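Report on the structure given below.
The values are calculated or read from the model by the stated rules, or taken from the named source; none is laboratory data. Predicted model only: the values in this text are computed from it and were never measured. Cβ atoms come from the backbone with ideal geometry, glycine included; neighbour counts cover every protein chain shown.
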Amino acid sequence: MESADSPIPCTPPLPETVLRGLASFNAGRYFEAHEYLETAWRAESRPIRELYQGILQVGVGYYHLQRGNLAGARKVFQRARLSLAKFGATACGIDIAGLLVDVDRVEDAMQDPDHLARRLEAGLLRPIRFVSG
């Protein structure tokens, strides 16, 4: 499951707490995703923990956004980019490049707060995508 793109190795399988965190993220339960991913991040000592942290931070940004805390969302998206920049386009079967494009789209939408609620309802916050290979 280690991607040739990622400079940080991923030893399969991902821990159950990470899988639950990803499932919660994809179901739009960002606070719950944070809890699972933070547990995995704290338990991990290898560099792969940065992946868990980066995804966790994107979820926290989405959570802030849903509650109208745009400044908090921007701040945590910036930290998420720093965490995820350590990986290539994919890591552990996760489409990191796609996730970062999604964050860019969300930040673009945040420039027009008057229409943000409508965009959120229309599916602005996308699930994490997985890649095979």
* Hey, among the residues in the stretch 42-55 that are under 13 Å from the mean Cα position of the chain (by Cα) and of a type in the set (A, V, I, L, M, F, W, C), which one's nearest to Asp102 (Cα to Cα)? -> Ile55
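Among the residues of the stretch 82-96 satisfying the criterion of being of a type outside the set (Gly, Ala, Ser) and in a helix (DSSP H, G or I), which is farthest from Ser132 (Cα to Cα)? Give the derivation first.
Step one: filter the stretch 82-96 for residues of a type outside the set (Gly, Ala, Ser), giving 82, 84, 86-87, 90, 92, 94-96.
Narrowing the set further to residues that are in a helix (DSSP H, G or I) leaves 82, 84, 96.
Numbers: Leu82: 25, Leu84: 19, Ile96: 13 Å.
Restricting to residues being of a type outside the set (Gly, Ala, Ser) and in a helix (DSSP H, G or I), the top hit is Leu82.
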* Answer with yes or no whether Leu51 is at pLDDT 95 or above and either crowded, with 17+ Cβ neighbours inside 10 Å or over 18 Å from Ala91 (Cβ atoms) (or both). => yes
* Asked: Of (1) more than 26 Å from Ile8 (Cα to Cα); (2) out of contact with any Lys or Arg (no Cβ under 9 Å at 6 or more places or on another chain), Gly88 satisfies all except one. Which?
  -> (1)
* Structure fact -> In the stretch 90-108, anything surrounded by 15 or more Cβ atoms within 10 Å (Cβ to Cβ) and either modelled with pLDDT of 95 or more or touching a Gly at 6+ places or on another chain (Cβ under 7 Å) (or both) is listed as Ile94, Asp95, Ile96, Ala97, Gly98, Leu99, Leu100, Asp102, Val103, Val106, Glu107
* Consider only pairs whose beta carbons are under 7 Å apart and that are at least six residues apart or on different chains; among these, list those whose first residue lies in the stretch 9-34 and is in contact (Cβ under 8 Å) with a residue 60 or more places away in the chain and part of a loop (DSSP other than H, G, I, E, B) and whose second residue is basic (Lys, Arg) and crowded, with 17+ Cβ neighbours inside 10 Å. => none
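Those residues that are out of contact with any Phe, Trp or Tyr (no Cβ under 8 Å at 6 or more places or on another chain), surrounded by fewer than 19 Cβ atoms within 10 Å (Cβ to Cβ) and either within 16 Å of Leu100 (Cα to Cα) or not aliphatic (A, V, I, L, M) (or both), I need them from the stretch 56-71; list them, please.
Those that are out of contact with any Phe, Trp or Tyr (no Cβ under 8 Å at 6 or more places or on another chain), surrounded by fewer than 19 Cβ atoms within 10 Å (Cβ to Cβ) and either within 16 Å of Leu100 (Cα to Cα) or not aliphatic (A, V, I, L, M) (or both): Arg67, Gly68, Asn69.
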* Mind listing whichever residues of the stretch 109-127 are in contact (Cβ under 8 Å) with a residue 40 or more places away in the chain and surrounded by fewer than 12 Cβ atoms within 10 Å (Cβ to Cβ)? => Pro113
